Amino acid sequence: MMEGIALLLAISLIVRVFPSLVGTRIDIPPRAIEIISIAVFINMFVYCFFSEALKEAVPAALAFLVIIALLRQNLLLNILLSSAAFILSAHYLRG
Amino acid sequence: MQPETINRKLLTQAAAVALGLFPIGVLFGVVAQQNHWSWSDVLLLSMFGFSASGQFFYLKLANEQASLLSMFFVILMLNIRYVPMSLAAWNAADNGRRLLRLVLSHFISDESFAIEPRYGRLQLRATVRAIIYASWVLSTVCGVVAGRLLPAAWIGSFSQYLLFPATAILAILAVKRIDGAIAGNLQLGLAAKLVLMSACVAFSAATIHFLGKDAFWIPGIVGVCLILYLCHWGEERSNENHGVIQ
């Protein structure tokens, strides 16, 4: 148990705290920050879609359509309806 | 929009995300309880190892009796995406408070990165992170308690569906931020912006296809950064900052 805590803490230090320490030493231009942010979000979206689509293609496609359709609506409503679309369609497709 | 309205909107978003993440935290607690973890073990793991995907993977790999070294590399690859996030999550105005900045960097999550404003006040960003962090830690401990009370067969039938809200939250936040970036870019026409975004998505999809879900993060992010940089994304604001008139 303690090894798990130590392992995850060490990884957090490497991937979150250390880069932050580096970031205090160099002045990152705003354009670079904007580009990195968009690149992270694009990859995050693709990751989300692929991880669900590889397991349940049709429910994932349906849920992502709901996400896009309700993008300008309330966040919680979007989470609830897209999750409902995924869960119900996956449930019915499995029979 | 008034700053108070923006702050309220951000905190409402953080609360909605925390609420959406709650069932995933509960699920983690339930799975950990089934693996004979106590609530105090889960509390410490969630506090110091704060990473939903990392914690789920650790449980899975520990169950499979993987070596510590292989667990380290698998989870490192999975969490390597935090490196660019951590670099981009700060701005020059935060430099006066280095220690606080270092402590707060442990609380960066996919969700907080997607919600918090890049140039907002440090206090506001810290609050967003704290809401998500507290919700995660609390939900995992609640999961351990729920795991003791609920029948194992019932948990098994529902657990397969409980992870989707986490994906939905990340996808919604990511698309919202991409949508905001497209709307905020006045340099390119709408068609050009859509073509550019489609190219970035295609590149990222190809990277995940060829390298797999665990190894694609850094090549995917670096590749998309290069595409955006070569297409002069955000150059007009950079020129404005340097007083260049086109």
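The values are calculated or read from the model by the stated rules, or taken from the named source; none is laboratory data. Since the model is a prediction, treat every value here as computed from it, not as a measurement. Methodologically, a virtual Cβ is constructed for each residue, glycine included, from the backbone with ideal geometry; neighbour enumeration extends over all protein chains shown.
Of everything in region A:23-53, what is β-branched (V, I, T) and facing chain B (nearest Cβ under 7 Å)? Give them in sequence order.
Pass one, region A:23-53, residues β-branched (V, I, T): A:24, A:26, A:28, A:33, A:35-36, A:38, A:40, A:42, A:46.
Correct list: A:T24, A:I28, A:I33, A:I35, A:I36, A:I38, A:V40, A:I42, A:V46.
Any idea which of B:I208, B:I178, B:I169 is among the β-branched types (V, I, T) and touching a residue at least 24 places away in the same chain (Cβ under 8 Å)? Full working, then the answer.
Values: B:I208 fails: touching a residue at least 24 places away in the same chain (Cβ under 8 Å); B:I178 fails: touching a residue at least 24 places away in the same chain (Cβ under 8 Å).
From the options B:I208, B:I178, B:I169, the qualifying one is B:I169.
Of the residues in region B:36-61, how many are over 25 Å from B:I108 (Cα atoms) and either among the β-branched types (V, I, T) or surrounded by 15 or more Cβ atoms within 10 Å (Cβ to Cβ) (or both)?
We begin by selecting, within region B:36-61, every residue over 25 Å from B:I108 (Cα atoms); these are B:36-38.
Still in the list and also either among the β-branched types (V, I, T) or surrounded by 15 or more Cβ atoms within 10 Å (Cβ to Cβ) (or both): B:37.
Number of matching residues: 1.
From the set of residues in region B:161-213 that are modelled with pLDDT under 85 and over 21 Å from the mean Cα position of the chain (by Cα), which is surrounded by the most Cβ atoms within 10 Å (Cβ to Cβ)?
If we take residues in region B:161-213 being modelled with pLDDT under 85 and over 21 Å from the mean Cα position of the chain (by Cα), then B:N185 is surrounded by the most Cβ atoms within 10 Å (Cβ to Cβ).
Would you list the helices (runs of 4 or more DSSP H) that sit entirely within chain A and hold 1 or more residues that are without any contact (Cβ under 8 Å) to a residue 40 or more places away in the chain, under 18 Å from the mean Cα position of the chain (by Cα) and surrounded by 15 or more Cβ atoms within 10 Å (Cβ to Cβ)?
On the way: elements: A:2-12, A:18-25, A:30-53, A:57-69, A:75-93.
Passing ranges, in order: A:2-12, A:30-53, A:57-69, A:75-93.
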